[in-house]
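Reading through the structure tokens given below for one structure.
The values are calculated or read from the model by the stated rules, or taken from the named source; none is laboratory data. Worth saying up front: this structure is predicted, and the values here are computed from it rather than measured. Because the Cβ atoms are built from the backbone with ideal geometry, glycine has one as well, and the counts that use them run over all protein chains shown. These accessible areas exclude ligands, DNA and RNA; they are computed on the full protein's heavy atoms, side chains included. Shrake-Rupley method; radii C 1.70, N 1.55, O 1.52, S 1.80 Å.
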Amino acid sequence: MGERRYLYLFLIPLIMIITLFLLVPLIFVLRDSLLSQGRLSLANYYAIFTKRLYLSSFKTSLLLSLTTTAIGTLIGIPLSYVIYRRGPRAQDLLLSLTSIPLVFSGLVVGFSFIVILGSSGFITLILKKLFNINPVEFSAFLFTWKGLVIAYLYFLIPRMILTMTAAWASFDWNLLDAALSLGASYTLTFRKVILPAIAPSVIAGSSLLFAVSMGAFGTAFALTGTGVNIVPLLIYTHISEVGIELGRADALAILLTLLTTSIVMIYERLFVRRSTRV
Amino acid sequence: MGKWVALAACVALVVGVVSLAFAVEIKEELYPGEKELYEAAKKEGRVFSYDTGPTWANWQGLFDAFKERYGLELEYNDLGSGATVARLEKEKNNPQADTAYYFMPFGAMAKEKGLTEGFKPVNFDKIPDVLKDPEGHWFSIHKGTVVFVVNKKLVKDVPRSWADLLDSKYSKCVVYLDPRTTGIGYAIVIATAYAHGGNIDNLKPGIQYLAKLQKVGNVRMIEKTTEYDKFIKGEIPVWITYDWNGYRAKYIAGLGDDVEIVIPKEGTITAPYAISLVKGAPHPNAARLWLNFIMSEMGQRIFAKGFVRPILPDIELPEDVKEKFLPKEEYARAIDVDWVKAQKVQKEAAEMWASEVLGQ
């Protein structure tokens with residue numbers, strides 16, 4: 001017991017950081033979201049649940065995040081396997097290349113996509129030469145939520161790869177040989193051996209992608225301006241427009257946090273149980 | 001010991017050279033009292049000028065001239081008029097800005113919120129009365145007209161009217177700034193309202209027009225701050241913005257015949273831009289020096305050189321600039337509106353725009 005107590009001491013810095021930089025700000029935000037003209041009220045939440053502007057922003061945010069999560073997960077898994085199967089040298093190189101997109105600010109990502117896929121972007125111009133497409137029509141999708149899907153995948157796929165590489169590394173490959181030598185088919189091996197082993201990482205990775213896309217701001221701000229109606233941009237306009245509505249922005253932030261956290265929790269519950277049962 | 005002496009000598013040398021470089025001497029005063037104000041400003045060393053983005057309204061030209069004349073540092077940001085007032089309000093207890101620049105109605109709003117200080121710069125008397133606060137809490141410094149700036153490389157037929165913009169051939173073509181956070185965005189709401197039979201008391205027709213533009217799918221994007229660079233890069237087919245941006249793209253950035261500036265048939269508005277001394281400015285003398293410079297004949301001429309029409313009526317546009325402007329008859333379709341009233345309905349207009357245009 002005495003030893004345990006010392007271990008708790010080591011947790012103090014972590015607890016302090018979480019309290020100071022996560023809990024305390026969140027409590028302030030929650031408190032302010034419940035104030036309207038200095039009085040306790042649910043007016044901010046009421047407005048969010050009744051106005052089309054807010055409801056449609058949550059809808060677009062969810063659509064965007066679910067799409068990026070699904071595509072990012074599906075592309076990330078095979079890519080991570082390919083990278084893992086290279087020799088250690090190539091693997092090191094590929095992994096460090098993979099983390100490059102993670103260091104760029106959203107601003108850089110946004111503008112680089114304009115340079116590539118905008119109406120004078122070089123891919124657009126090549127396609128124009130080859131297929132005679134209309135560059136203005138073609139590039140317009142870039143400034144909608146669909147453009148954000150492409151731009152977000154740029155920094156989401158690496159996150160999936162990094163999470164998955166760890167899973168492949170800890171996977172006991174002897175199990176695979178055992179299954180195959182005992183006569184299991186490839187599909188059966190995949191379902192009964194590989195899937196259960198990597199499932200926790202797939203779930204952790206895709207939850208991460210979902211949470212990151214729900215909250216991402218910089219890339220959207222740089223790429224689409226404030227015209228795409230997603231929650232992070234709406235929070236921005238509420239704190240920088242003239243009729244500043246801090247309370248409304250606070251309420252949006254609280255709802256965004258709640259929604260993201262609960263979706264991630266339900267998802268993990270549902271699938272972790274199922275995968276451990278197998 | 002010797003090492004320290006050498007170091008000290010080096011430091012002294014560097015400091016000497018630097019201060020020499022900064023010791024600018026004013027030979028001829030632009031206005032009485034300039035030298036005295038400069039001496040006081042020199043001690044403060046810098047000005048923080050909010051929302052004067054360098055590619056907007058030839059601010060770069062004014063920055064360069066100011067730095068050359070006085071050797072003072074000038075820092076700026078580029079937020080949008082609405083965001084500027086919001087920022088000043090947040091910093092009310094600990095002001096960071098010296099001056100704030102915005103679409104004129106926002107000046108009146110900043111004064112109402114107690115964010116500004118009265119200051120009458122040189123030539124204050126020459127500013128038309130309706131374009132300034134009597135105590136100088138804000139005063140207009142230049143004007144601009146809301147126009148279409150068209151990139152002919154991307155658009156074959158140049159739109160001539162607000163109605164034209166609704167045509168399906170301009171699908172995904174139109175770009176403008178967000179009325180919630182920027183002055184030009186709000187000016188566009190007002191301009192479209194007047195063009196469709198509305199007025200400052202009834203902005204609805206303008207908002208309905210913008211909602212329709214959105215619905216037919218002709219809006220390419222809604223930006224948050226100056227998109228000049230994107231236009232130059234060829235990302236914007238039809239840009240609703242101020243005339244100076246168009247002239248600047250055409251003649252200064254050298255896009256030439258690829259750019260056409262159109263004053264829409266149904267009419268538009270001419271919008272004044274104002275500046276204020278911020279209450280509790282950290283560098284009050286340098287701020288006054290900067291404001292005086294902007295309002296001096298010299299400063300006003302620099303606006304004119306960048307196709308930005310100065311507020312002082314007696315400043316003649318340089319010949320080579322004048323001949324490049326669209327003819328006077330075209331500008332006759334651009335009206336002035338009651339700007340003070342415009343301030344009162346701004347918040348409502350922004351909300352209505354958001355729910356009608358984005359909440360569709």
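Scanning region B:181-219 for residues that are open to solvent by less than 10 Å² (accessible area, probe 1.4 Å), within 14 Å of chain A (Cβ to nearest Cβ) and closer than 29 Å to B:Gly256 by Cβ yields a count of 8.
Residue check: B:Asp178 meets all listed conditions (1) away from every other protein chain (no Cβ under 13 Å); (2) open to solvent by less than 10 Å² (accessible area, probe 1.4 Å) but one, namely (1). Taking the criterion of being away from every other protein chain (no Cβ under 14 Å) and of a type outside the set (Phe, Trp, Tyr), the residues of region A:39-60 that qualify are A:Arg39, A:Leu40, A:Ser41, A:Leu42, A:Ala43, A:Asn44. Could you please let me know if A:Val202 is closer than 30 Å to A:Ala140 by Cβ and of a type in the set (Val, Ile, Thr)? No: the conditions fail for A:Val202. Within region B:306-360, restricting attention to residues that are basic (Lys, Arg) and within 14 Å of chain A (Cβ to nearest Cβ), the residue that is surrounded by the most Cβ atoms within 10 Å (Cβ to Cβ) is B:Lys347. Hey, does region A:39-53 have a residue that's under 23 Å from A:Ala220 (Cβ atoms), open to solvent by 60 Å² or more (accessible area, probe 1.4 Å), in a helix (DSSP H, G or I) and at pLDDT below 90? Within region A:39-53, one or more residues are under 23 Å from A:Ala220 (Cβ atoms), open to solvent by 60 Å² or more (accessible area, probe 1.4 Å), in a helix (DSSP H, G or I) and at pLDDT below 90.
Considering region A:92-119, the residues that are assigned to a loop (DSSP other than H, G, I, E, B), surrounded by fewer than 20 Cβ atoms within 10 Å (Cβ to Cβ) and hydroxyl-bearing (Ser, Thr, Tyr) include one that is farthest from the other protein chains (Cβ to nearest Cβ), namely A:Ser99. Across region B:97-109, the number of residues qualifying as open to solvent by 10 Å² or more (accessible area, probe 1.4 Å) and at the interface with another protein chain (Cβ under 9 Å from one of its Cβ atoms) comes to 1. With respect to (1) open to solvent by 10 Å² or more (accessible area, probe 1.4 Å); (2) at pLDDT 90 or above, the lone exception for A:Leu234 is condition (1).
Does A:Ile48 satisfy being under 25 Å from A:Leu259 (Cα atoms) and touching a helix residue (DSSP H, G or I) at 6+ places or on another chain (Cβ under 8 Å)?
Yes: the conditions hold for A:Ile48.
Please tell me if A:Leu35 is open to solvent by less than 100 Å² (accessible area, probe 1.4 Å), over 28 Å from A:Ala166 (Cβ atoms), at pLDDT below 95 and more than 24 Å from the chain's Cα centre (by Cα). So A:Leu35 fits the description; yes.
Among the residues making up region B:220-234, those that are more than 7 Å from chain A (Cβ to nearest Cβ) and either of a type outside the set (D, E, K, R) or open to solvent by 10 Å² or more (accessible area, probe 1.4 Å) (or both) are B:Thr225, B:Thr226, B:Tyr228, B:Asp229, B:Lys230, B:Phe231, B:Ile232. Only one of the numbered conditions (1) under 22 Å from B:Glu330 (Cβ atoms); (2) surrounded by fewer than 19 Cβ atoms within 10 Å (Cβ to Cβ) is not met by B:Asn94, and that is (1).
When residues in region A:183-227 are screened for being out of contact with any Gly (no Cβ under 9 Å at 6 or more places or on another chain), open to solvent by 10 Å² or more (accessible area, probe 1.4 Å) and outside any helix (DSSP H, G or I), 4 of them pass. Taking the criterion of being outside any loop (DSSP other than H, G, I, E, B) and within 12 Å of another protein chain (Cβ to nearest Cβ), the residues of region A:228-237 that qualify are A:Leu233, A:Leu234, A:Tyr236, A:Thr237. Within region B:39-64, the residues that satisfy the criterion of being surrounded by 20 or more Cβ atoms within 10 Å (Cβ to Cβ) and more than 17 Å from B:Tyr251 (Cα to Cα) are B:Ala41, B:Val47, B:Phe48, B:Ser49, B:Tyr50, B:Asp51, B:Thr52, B:Leu62.
If the condition is being open to solvent by 80 Å² or more (accessible area, probe 1.4 Å) and either at pLDDT 65 or above or more than 25 Å from B:Ala281 (Cα to Cα) (or both), then region B:22-38 contributes B:Glu25, B:Lys27, B:Glu28, B:Pro32, B:Lys35, B:Glu36.
Pairs linking a residue in region A:100-125 that is under 14 Å from A:Thr224 (Cβ atoms) to a residue that is among the acidic types (Asp, Glu), with Cβ atoms under 8 Å and 6 or more positions apart or on different chains, are A:Ile114/B:Glu235; A:Gly118/B:Glu235. Of the residues contained in region B:121-130, none is found to be surrounded by 24 or more Cβ atoms within 10 Å (Cβ to Cβ), away from chain A (no Cβ under 14 Å), at pLDDT 90 or above and touching a helix residue (DSSP H, G or I) at 6+ places or on another chain (Cβ under 7 Å).
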